[in-house]
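Notes follow the structure.
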Amino acid sequence: MNTFRKLSLIRIKGITMAVVSIDGEQHILINQETREVVKEVNRLLGLRRCSSCGRLTKAEELGYVEIINSKVTKALCNHCLTQLMKHLICNIAT
């Protein structure tokens, strides 16, 4: 896998999307295209604390992960990500 400076990975309701900055170029990967990235991220992450609720979560159950220069800066569990999405949708609707 190429080295990346920034990676944002989001998994919600069966959709996996990754925004990757590789060698100064930004790439957007969706579902099957993210397979290699997801496998590598899961291998590297192991067990992480959610940045929002603090709960220990397996890498496969994280809904959002942000990695900058090989350091995890944010990790949200699926529950917190779902709550955030609901909150955003409610605010947009009103």
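Things worth noting here:
- Meets criteria (hydroxyl-bearing (Ser, Thr, Tyr) and modelled with pLDDT under 90) for Thr16: no
- Segments classed as strands (runs of 3 or more DSSP E), wholly inside segment 37-94, with at least 2 members that are surrounded by fewer than 17 Cβ atoms within 10 Å (Cβ to Cβ) and of a type in the set (Lys, Arg): 71-77
- One residue from Thr3, Thr73 being hydroxyl-bearing (Ser, Thr, Tyr) and at pLDDT 90 or above: Thr73
The values are calculated or read from the model by the stated rules, or taken from the named source; none is laboratory data. Quantities reported herein were computed from a predicted structural model and do not represent experimental measurements. Note: ideal-geometry Cβ built from the backbone for every residue, glycine included; neighbour counts use all protein chains shown.
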